[in-house]
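S.K.: Submitted below is the structure of interest, expressed as structure tokens.
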Amino acid sequence: MDIMRISPFIQGVEHVLETMLQLPVEVRDPRWLDAGAAAHGVSVVAELGGDCQGSVCLGFESETAERMVALLTGRESASDSPDCADALCELLEMVCGSARSWLPDLVVAASIPTSECGANPMTARALNGAPVVVIPCVTDCGPFQIELLLEDGAEVADRDERSACAGA
Amino acid sequence: MKVMLIDDSRTMREVQKSVLSQLGYTEVQEASDGEEALALLESSAPDLLLVDWRMPNMDGLSFVKAFRQSDATTPIIMVASEAERARVVEAVKAGVDNFVIKPFTPDLLSQRIQETLAAREAA
């Protein structure tokens, strides 16, 4: 994983939350995702393609998600409601857009984000041998974390080949 | 003044409605994609359109091109992400009057709306 490609996503999260929610973000030390990591209350994930392949996920405790969405929309939404999912997906879409602007030399495509409750969508990727980095964040709305799997095309091919050999 | 918000995200429509309300514009119509907007526009004539770029069914750029075939004057503000910034020229050629890039502050959106309406009035 190219560490230099992580920073734009962290900057993206800070920029989006500070601009849209006027919410400062305190970024803590990164670590690798444990395949047995606990589930999030709510997660939103976008798949990345182009020069930066992988996934980006924002994982929230339910209360954190509800507070952030209330701050954004001005109304209460339960963490498992479609409105909460819509708001968090919109925030992640903006994060991906911002991150791409800080990676001007790379072609980075991002899918439309999807949301999931009561799971951690990145653990399956970690179980599959992909390196997922976790960046814990703290805000006045509560904690959440950024989870990133970023690989270039050669790394993906190499991992696929190792998986194929292991399965043979 | 009547404003139409065209965005697949209810969240973003709520955020924009809140800014419009602060500016005193409370007559707001909503559509969740370009196709729905074109259908609504057959029986409605808003004074300003706020159009999201990335939408299912019919995206913002396709909507603007279709809308401009029958209406050359109603001002349009395109709401785009950083990813679409490089395509601004393409959108201006299609007939977009102004842009706001997400993420934005309420003040910035308010400023864009006011300057767009003022420019159209002066024209």
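S.K.: What's the average, rounded to a whole number, of partner chain beta-carbon atoms within 10 Å of each residue's beta-carbon in B:76-87?
M.R.: What the average comes to for B:76-87 is 3.
S.K.: In which sequence would A:LEU71, A:LEU148, A:LEU21, A:LEU127 go, from the one with the fewest C-beta neighbours within 10 Å to the one with the most?
M.R.: A:LEU127, A:LEU71, A:LEU21, A:LEU148
S.K.: Can you tell which of B:PRO75, B:PRO46, B:PRO103 shows the greatest fluctuation in a Gaussian network model of chain B with Cα springs below 10 Å?
M.R.: B:PRO103
S.K.: Let me ask another. Picking from A:ILE112, A:ILE135, A:ILE146, which is most flexible by a Gaussian network model of chain A using Cα springs under 10 Å?
M.R.: A:ILE112
S.K.: Roughly what % antiparallel, to the nearest 5, for the DSSP beta bridges in the protein assembly as shown?
M.R.: Antiparallel: roughly 65 percent of the beta bridges in the protein assembly as shown.
S.K.: From other protein chains only, count the Cβ atoms within 10 Å of every residue's Cβ in A:95-101, then give the mean.
M.R.: 5
S.K.: Taking only Cα atoms and a 10 Å spring cutoff, compute GNM fluctuations for chain B and point out the largest among B:LEU40, B:LEU61, B:LEU109.
M.R.: So, out of B:LEU40, B:LEU61, B:LEU109, the one fluctuating most is B:LEU40.
S.K.: Can you give the mean number of other chain Cβ atoms that lie within 10 Å of the Cβ atoms in peptide B:96-107?
M.R.: Mean partner-chain Cβ count within 10 Å for B:96-107: 3.
S.K.: Relative contact order for chain A: what percent, with Cα pairs under 8 Å and sequence separation of 6 or more?
M.R.: Computed value for chain A: 36 percent relative contact order.
S.K.: Taking θ = phi - 60°, what integer Hz values does the Karplus form 6.51 cos²θ - 1.76 cosθ + 1.60 yield along the stretch B:31-38, in sequence order, with x for Gly and Pro?
M.R.: 9, 9, 6, x, 5, 4, 5, 4
S.K.: Would you order A:THR139, B:THR11 from fewest to most other beta-carbon atoms within 10 Å of each residue's own beta-carbon?
M.R.: A:THR139, B:THR11
S.K.: Could you derive backbone 3J(HN,Hα) for the stretch B:9-16 from the dihedral phi with the Karplus parameters 6.51, -1.76 and 1.60 (θ = phi - 60°), listing whole Hz in sequence and x where the residue is Gly or Pro?
M.R.: Once rounded to whole Hz, the list reads 8, 4, 4, 5, 5, 5, 4, 5.
Here, each number is a calculation from the coordinates, and none is a lab measurement. Bear in mind the structure is a predicted one, so any value in this text is a computation, not a measurement. Ideal geometry is used to build each Cβ from the backbone, glycine not excepted, and the neighbour counts take in all protein chains shown.
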